[in-house]
């Protein structure tokens, strides 16, 4: 009897970024086509899958915590199989097997989608596989995330090797999907009812396939498919071109949201991070974006307490946040990631200083986010309805073109995936609140 005959149901827990969410959706679709059934509760599953993240130690600790709890569950349910896949599996396969020997399958980032073959014991597979080899990435068919939205990964891996980042080591060298593969994937999702797609890559701006660069790819998708709304992330400042900004300005299907990680306002720290751009270069991009786009939501990533960062250099990051005025930011204090170049640097910024700097940056950014959202008041945003508000079934939750959450009331039932004009009435630092603008 094949393993699949015994493992009929599966549950996936996803940790980390949108790339992992996309991979989980694709893995789920792959399993379903092979005869498995996805269940919402871990207790109903014969196969538990943990799609993991290694960007920060906290993410890895969460996985180990979950595995510890699952061990007791598995003792009561001996036929239960456990799979750890993705970035943490790539980085720490031996450690996972040592710490949690009851884990049945450990598959790295390039082997995630081979899980059904591994379960069924197909020749050439084994329970632990972490070798890179994504030469045939166009065989990985993307799957929609919800009934109305989806992710399409346009490239895998990363060639940048920022000194603090583990991603290039766990996802391998950058390889682009063909433009035909991407366009076909978008068309398939549109046929399935998807209205909004996010294109994913560790650095979408460096996409290139046989002369088709990222701006050209966006134009092709907008012109050759029926997708209504198109997003992308993440961008790298050294590769974001004026051509891309021009395409966003000219193409209404492209949402006016750009996530552009700065990381630090100090040129010395940027150089030590191996970001390969200066603050002045970054500001020239921001100026051109604001010049070409009458409305745009700009978000970023910022790190404080990087090795040798002085108080003056931290103030440069604060000054950058004040000057650029991000709509929102993902802000972190630096933590050592073993295996990165920066792990060899002296982690010389005291933890209490890291925490103080982070809190000061968060306080500043929240004030800026509040002010930016006040400027949305009285505007009308065409937003895609995601469902009911998490706090009340009397209100709906939607996503604006600028990638902001808006909560609104409506005098009628509205299906998720509907795109509607919503007028902003009030706003706080995190959320817009409004009402449906009825169209006669």
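Where a number appears in this text, it was derived from the coordinates with a stated rule and is not lab data. Everything numeric in this text was worked out from a predicted model, so none of it was measured. Reconstructed Cβ throughout: ideal geometry from the backbone, glycine too, with neighbour counts over all protein chains shown.
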(message) Give me the extension gain from residue 292 to residue 344: residue separation times 0.36 nm, minus the current Cα-Cα distance, reported in nm with one decimal.
(response) 14.5 nm
(message) For a quick check: sort 132, 330 by the number of other beta carbons within 10 angstrom, fewest at the front.
(response) 330, 132
(request) If a/c stays under 1.5 just call it rounded; otherwise compare a/b with b/c (prolate if a/b is bigger, oblate if not). Do that for the stretch 54-143, with a ≥ b ≥ c from the square roots of the Cα gyration tensor eigenvalues. (result) oblate
(request) Under a 10 Å cutoff between Cα atoms, tell me which one of 399, 375, 38 has the largest fluctuation in the Gaussian network model of the chain. (result) 375
(request) Please give, to one decimal in nm, the separation of the simple spin-label points placed at residue 437 and residue 246, each 7 Å out from Cα toward the Cβ. (result) 3.0 nm
(request) For each of 312, 114, count neighbouring Cβ atoms within 10 Å of the residue's Cβ, then give the residues from fewest to most. (result) 312, 114
(request) Assign one of three labels to the stretch 3-129, namely rounded, prolate or oblate, based on the Cα gyration tensor with a ≥ b ≥ c the square roots of its eigenvalues; rounded applies when a/c is under 1.5, prolate when it is not and a/b is larger than b/c, and oblate otherwise. (result) rounded
(request) Report relative contact order for the chain in percent, whole number only (criteria: Cα-Cα under 8 Å, sequence separation at least 6). (result) 10 percent
(request) Would you mind ranking 334, 169, 282 so that the residue whose beta carbon has the fewest other beta carbons within 10 Å leads the list? (result) 169, 334, 282
(message) Let me make sure I get this right: for the stretch 380-436, a, b and c are the square roots of the gyration tensor eigenvalues over alpha carbons, sorted descending. Under 1.5 in a/c it's rounded, otherwise prolate if a/b > b/c, else oblate. Which is it?
(response) rounded
(message) Run the helix sum for the chain: -39,500 (n - 2.57) per DSSP H stretch of 4+ residues, divided by residue count, reported at 222 nm to the nearest 500 deg cm²/dmol.
(response) -11000 deg cm²/dmol
(message) Under the 0.36 nm per residue contour assumption, what length would be gained going from the current alpha-carbon distance of residue 37 and residue 391 to full extension?
(response) 124.4 nm
(message) At 7 Å along Cα-to-Cβ for each site, give me the label-to-label distance between residue 351 and residue 223 in nm.
(response) 5.6 nm
(request) May I ask for the percentage of alpha-carbon pairs in the stretch 259-375 that lie more than 25 Å from each other? (result) 22 percent
(request) Calculate the length of the line joining the C-alpha centroid of the stretch 191-226 to that of the stretch 352-406, in whole Å. (result) 26 Å
(request) Calculate the spin-label point distance for residue 123 paired with residue 208, positioning each point 7 Å from the Cα along the beta-carbon direction, and give it in nanometres. (result) 4.1 nm
(request) Could you work out the Kirkwood radius for the chain, taking every pair of different alpha carbons, averaging 1/r and inverting it, reported in Å? (result) 23.3 Å
(request) Kindly work out what percent of the DSSP beta bridges joining two residues of the stretch 156-310 are antiparallel, to the nearest 5. (result) 25 percent
(message) Please report the antiparallel percentage of DSSP beta bridges with both residues in the chain, rounded to the nearest 5.
(response) 35 percent
(request) Report the residue, chosen from 406, 414, 119, that carries the largest GNM mean-square fluctuation when the chain is represented by alpha-carbon nodes joined by springs under 10 Å. (result) 414
(request) Calculate, in nm to one decimal, what residue 77 and residue 380 gain on full extension: separation in residues at 0.36 nm each, minus their alpha carbon distance. (result) 103.8 nm
